């Protein structure tokens with residue numbers, strides 16, 4: 001089983017994955033996955049509280065995967081060991097907890113899943129670089145080019161796309177108050193070139209479906 005949900009902002013919204021709020025988790029095994037669509041928040045400052053929540057997740061019956069959002073400590077993420085996972089590379093947080101990296105395609109339960117994290121923080125003006133904001137929240141040209149090359153290997157055809165931000169046209173339709181940027185424009189480029197069944201994203205703190213292919217997730221879960 002594979003479920004996708006929205007931002008967990010550890011410790012703020014992680015209780016969504018408790019047995020009470022996500023009873024289906026009790027039926028899952030470590031070969032089943034919950035994928036968080038960015039702003040995981042569990043690789044942030046290494047405090048005892050953070051360690052508690054990582055241990056809490058590690059003890060869940062299922063495995064946890066996440067794309068990066070904008071509220072992540074990218075220095076810490078990049079310091080984690082990189083290991084192969086389901087046809088791509090991931091950062092290993094702990095056993096059963098993995099960061100799905102930008103521009104990778106993973107084949108999980110026979111499903112091809114393209115991932116690309118990141119987003120622009122609207123509150124970056126009141127944040128401090130290297131402490132609670134990182135410029136790596138937006139992708140480099142190298143990361144975008146790597147994504148194009150990886151998708152070319154799959155003839156620009158996958159089953160699912162999981163990102164934190166959404167393509168420009170989707171964002172403008174659902175969340176017109178948000179500013180577009182190089183990432184939303186890149187995702188728009190990918191949207192125009194890629195054959196896919198469904199595209200899931202977080203970031204906007206709402207559960208809302210644009211159409212049959214595009215859905216923002218926050219509190220909800222979608223099974224694929």
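Any read-out appearing in this document is the output of simple, stated calculations on the displayed coordinates, not a laboratory observation. All figures in this text were calculated on a predicted structure; none of them were measured in a lab. Here the Cβ positions follow ideal geometry from the backbone for every residue, glycine too, while neighbour counts run over all protein chains shown.
Against the condition under 22 Å from residue 216 (Cα atoms), within 13 Å of the chain's Cα centre (by Cα), buried (at least 16 other Cβ atoms within 10 Å of the Cβ) and in contact (Cβ under 8 Å) with a residue 60 or more places away in the chain, how does residue 103 come out, does it pass? Considered against the rule, which asks whether it is under 22 Å from residue 216 (Cα atoms), within 13 Å of the chain's Cα centre (by Cα), buried (at least 16 other Cβ atoms within 10 Å of the Cβ) and in contact (Cβ under 8 Å) with a residue 60 or more places away in the chain, residue 103 comes out as no. May I ask you to verify whether residue 93 is part of a strand (DSSP E or B) and surrounded by fewer than 17 Cβ atoms within 10 Å (Cβ to Cβ)? No: the conditions fail for residue 93. Among the residues of segment 122-138, the ones that are under 19 Å from residue 165 (Cβ atoms) and either in a strand (DSSP E or B) or in contact with a helix residue (DSSP H, G or I) (Cβ under 6 Å, 6 or more places away or on another chain) (or both) come to 4 in all.
Every test in (1) within 17 Å of the chain's Cα centre (by Cα); (2) in contact (Cβ under 8 Å) with a residue 60 or more places away in the chain is passed by residue 109 save one, and that test is (1). Taking segment 172-224 and the strands (runs of 3 or more DSSP E) fully enclosed by it, the elements with 3 or more residues that are touching a strand residue (DSSP E or B) at 6+ places or on another chain (Cβ under 7 Å) and buried (at least 18 other Cβ atoms within 10 Å of the Cβ) are at 198-201, 214-216.
Pull up segment 10-40, narrow it to residues that are buried (at least 20 other Cβ atoms within 10 Å of the Cβ) and part of a loop (DSSP other than H, G, I, E, B), then point me to the one that is farthest from the chain's Cα centre (by Cα). The selected residue is 10.
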